[in-house]
Amino acid sequence: MESNAILPVRKEGILGTIRTFLAELLDKRLVDSLFVPLELPGRENVVPTIVTSSDLITAVNPLAPIMSINSARLVSRLTGTSSSPQKVAIVMRPCELRALVELVKLKQASLDNLLLIGIDCPGTYSVNDYRRLIKENVFSLNDLLSNLTEGKEDPLLRNACQSCEYPVPLKTDFNLGLVGMDINTGIILEAKTEWAQKIFTALTLKEVSGDDRKAAVTRLISRRHERRETFFKHVRQDIRGLENMRSTLAACVNCHNCRTACPICYCRECFFDSPLFDFEARKYLSWAKQKGALRMPTDILLFHMTRLNHIVTSCVGCGMCTEACPNKVQVSDIFRLVGHELQKSFDYIPGRSLEEELPLTTFREDELSEIGL
Amino acid sequence: MTEQKEFEPVIIGFFCNWCTATAADLAGTSRMQYPANIRPIRVRCSGSVDPVYILRALLSGADGVIVGGCPPGDCHYVSGNFKARRRMSVLKKVLSNLGLENRVWIKWISAAEGAKFARVMNEVTEQVKKLGPNPLKSQWSV
């Protein structure tokens, strides 16, 4: 059950096409509001915004290569307390959608009344890199998108994006497809669920086949897999072994920014902020005496290893943790590699489906006998 | 030449109240010997042992950690032991990055198995002795 249509790209360019589609959703009352990346007036940042009128549609920009925050966190803010009473179209990148699916499974967000619109992702730059390109007026959307469709590398993309194996969304209602398309003439709109089909019909779109695109998507993903393997080879050398891990985390100041930026780490009261970590002076001094010295703040390795244990099976590899680090600790490299290995062992892909149970909330009786008997 | 003192490891045991901790009592009342290297902590369920407690023990210098739970199908809380096993498999993978994955165990020992308790504790202690002291014991900068 999937319908595809070509949305033509005209002189307003590809963004014009996407904006027209989203404006139609609003104007025809097919949804009540949009949750979209919107350019701030100075254009140097693009931020998740709830938009209720199509007046602002020319500022909508889901293709800007910037993700200042993984918006799954914000959809959780929006729907975590109660599900949305109105229809909201949510436009997100693949890693944001995947994080959102995980948050729904963790009961931190609700998809009721949310129309998920995914978009093939050209990758993102660090916030300051993007701002510089805009200020210097040297950013080219065309170059960025042709890098994606032609599978070329872009060294300015964040590490997490360069080796991302999910440039195409996994679970959505609609997807706006760029890969495998001639983006100067049209992009493909894929309606993947019943709700999307209804809207598809209401918009009287002409159905086409999506087969040409499939081959291109497969090619792109297999290239990304190769790139990921090369990336993992380096990461393994960087983090395996106590000395390497310590050196990777050497600049950590235990500020917990990585946790705050992580879309999956949702606890309101983190164990590491609890009174259990308020120790008396004599405790610190006795630890120092035991080992001859004690690094302050304490428990840096414990913090990262615990966070790995708690959330790595749901890690979508968006890399926000590394972006949030004041000292450029490559936290996300650790999480990507360990996450990949563990997710593989549980045959689990975060964000793939709502039905697959989280690896740490389910079990099979006849498994892992090598671990426990 | 002074005789070198044999390495006496510190091993933390998280034992579930319903099975393994009871087995420890049974081993004791039956006068079975098991090494004093084991420092038992009774918990309500093996499924209640968050990995952070095991990590904290290891990063503070414990030489090994063993979690003891009810045998499959016998968990007092139905499935805590199976969930604990999944968590342990994640923990082992995480610890493999530090070379500590062989210092943690999860074992099913029922309340009736005092002898098994004593045997497992002996085995675990022997294995930790072979591994030698936890390299993190003397690390001040972790």
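Odds and ends about this structure:
- Filtered residue count, the range B:124-142, keeping only those that are within 23 Å of B:ALA24 (Cα to Cα) and either buried (at least 22 other Cβ atoms within 10 Å of the Cβ) or within 12 Å of chain A (Cβ to nearest Cβ) (or both): 2
- Residues of the range A:216-251 that turn out to be surrounded by 16 or more Cβ atoms within 10 Å (Cβ to Cβ), closer than 15 Å to A:ILE334 by Cα and away from every other protein chain (no Cβ under 14 Å), as a count: 2
- For the range A:1-48, a residue qualifies if it is over 14 Å from A:ALA64 (Cα atoms) and of a type in the set (S, T, N, Q), and the qualifying residues are A:SER3, A:ASN4, A:THR17, A:THR20, A:SER33.
- The residues listed here are A:SER71, A:SER54; of these, the one that is of a type outside the set (A, V, I, L, M) and open to solvent by 10 Å² or more (accessible area, probe 1.4 Å) is A:SER54.
- Helices (runs of 4 or more DSSP H) wholly inside the range A:289-373 that include at least 1 residues being in contact (Cβ under 8 Å) with a residue 60 or more places away in the chain, within 12 Å of chain B (Cβ to nearest Cβ) and open to solvent by less than 10 Å² (accessible area, probe 1.4 Å): A:331-345
- Within this structure, A:LEU38 fails the test of being open to solvent by 50 Å² or more (accessible area, probe 1.4 Å) and under 22 Å from A:ARG77 (Cβ atoms).
- Answer residue from the range A:268-288, given it is open to solvent by less than 40 Å² (accessible area, probe 1.4 Å) and outside any loop (DSSP other than H, G, I, E, B) and is modelled with the lowest pLDDT among those: A:PHE277
- Residue check: A:ILE188 meets all listed conditions (1) without any contact (Cβ under 8 Å) to a residue 60 or more places away in the chain; (2) under 16 Å from A:ILE6 (Cβ atoms); (3) surrounded by 20 or more Cβ atoms within 10 Å (Cβ to Cβ) but one, namely (1).
- Top-ranked residue of the range B:85-108 - restricted to ones that are more than 7 Å from chain A (Cβ to nearest Cβ) and open to solvent by less than 10 Å² (accessible area, probe 1.4 Å), ranked as farthest from A:ASP299 (Cα to Cα): B:VAL104
- You will find that of A:LEU78, A:LEU100, A:LEU116, A:LEU106, the residue that is farther than 30 Å from A:GLY180 by Cα, buried (at least 19 other Cβ atoms within 10 Å of the Cβ) and not β-branched (Val, Ile, Thr) is A:LEU78 and no other.
The values are calculated or read from the model by the stated rules, or taken from the named source; none is laboratory data. Note that the structure is a prediction, hence the values are computed from the model and not measured. We place every Cβ from the backbone using ideal geometry, glycine too, and count neighbours over all the protein chains shown. When the accessible area is computed, the model is the full protein with side chains, heavy atoms only, and any ligands, DNA or RNA have been set aside. Shrake-Rupley method; radii C 1.70, N 1.55, O 1.52, S 1.80 Å.
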